[in-house]
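Colleague: Before I ask anything, let me first share the structure, which is written out below as structure tokens.
Derivation of every value follows stated rules applied to the coordinates shown; laboratory data play no part. Here the structure is a predicted model, which means the values were calculated and not measured. Glycine also receives a Cβ, built like all others from the backbone with ideal geometry; neighbour counts cover every protein chain displayed.
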Amino acid sequence: MTKRKINILILVLVVLLVLALGYIGYNQYNIWRQQKDFSTFQTGAQFGYEQAITQLFQQVQSCQQVPIFYNNQTINVISVECLQG
């Protein structure tokens with residue numbers, strides 16, 4: 001092989017290496033971003049659940065019936081302590 005062919009081969013290999021590393025880096029960045037987004041979603045959902053339970057607990061303690069809706073069904077919740085009094 002001539003020196004010119006070796007230089008072209010080295011240049012092609014370097015370009016391919018840079019492209020491969022760029023692809024791997026981009027892929028890892030996307031994975032990291034998806035994990036971050038999922039973590040944010042989970043944190044938000046957990047906060048929403050906690051707020052709903054807190055609100056339900058506070059309303060039930062006031063000895064009032066609290067309607068709970070799920071799909072097309074509704075039930076009323078009331079504290080047992082309020083029924084005994």
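A quick yes/no check of all residues on (1) surrounded by 10 or more Cβ atoms within 10 Å (Cβ to Cβ); (2) in contact (Cβ under 8 Å) with a residue 24 or more places away in the chain; (3) acidic (Asp, Glu); (4) outside any helix (DSSP H, G or I):
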{"site": "ALA20", "(1), (2), (3), (4)": "yes, no, no, no"}
{"site": "TRP32", "(1), (2), (3), (4)": "yes, no, no, no"}
{"site": "GLN42", "(1), (2), (3), (4)": "yes, no, no, no"}
{"site": "GLU50", "(1), (2), (3), (4)": "yes, no, yes, no"}
{"site": "ILE53", "(1), (2), (3), (4)": "yes, no, no, no"}
{"site": "CYS63", "(1), (2), (3), (4)": "yes, no, no, yes"}
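Colleague: Which one of the conditions (1) hydrophobic (A, V, I, L, M, F, W, C); (2) outside any strand (DSSP E or B); (3) in contact with a helix residue (DSSP H, G or I) (Cβ under 9 Å, 6 or more places away or on another chain) does LEU11 fail to meet, given that it meets all the rest?
Modeller: It is condition (3) that LEU11 fails.
Colleague: What's the number of the condition LYS3 fails, among (1) over 30 Å from VAL80 (Cβ atoms); (2) surrounded by 10 or more Cβ atoms within 10 Å (Cβ to Cβ)?
Modeller: So LYS3 meets the others, but not (2).
Colleague: Which of (1) free of Cβ contacts under 8 Å to residues at least 12 places away in the same chain; (2) within 30 Å of SER79 (Cβ to Cβ) is the odd one out, the single condition TYR26 does not satisfy?
Modeller: Every condition holds for TYR26 apart from (2).
Colleague: Also, I was wondering about something else. Has the stretch 74-84 got any residue that is loosely packed, with under 10 Cβ neighbours inside 10 Å, among the polar types (S, T, N, Q) and part of a helix (DSSP H, G or I)?
Modeller: Taking the stretch 74-84 as the starting set, the residues that turn out to be loosely packed, with under 10 Cβ neighbours inside 10 Å are 74, 76, 80, 83-84.
Imposing the further condition that a residue be among the polar types (S, T, N, Q) reduces the set to 74, 76, 84.
From what is left, the residues that are part of a helix (DSSP H, G or I) are 84.
Looking through the stretch 74-84, at least one residue is loosely packed, with under 10 Cβ neighbours inside 10 Å, among the polar types (S, T, N, Q) and part of a helix (DSSP H, G or I).
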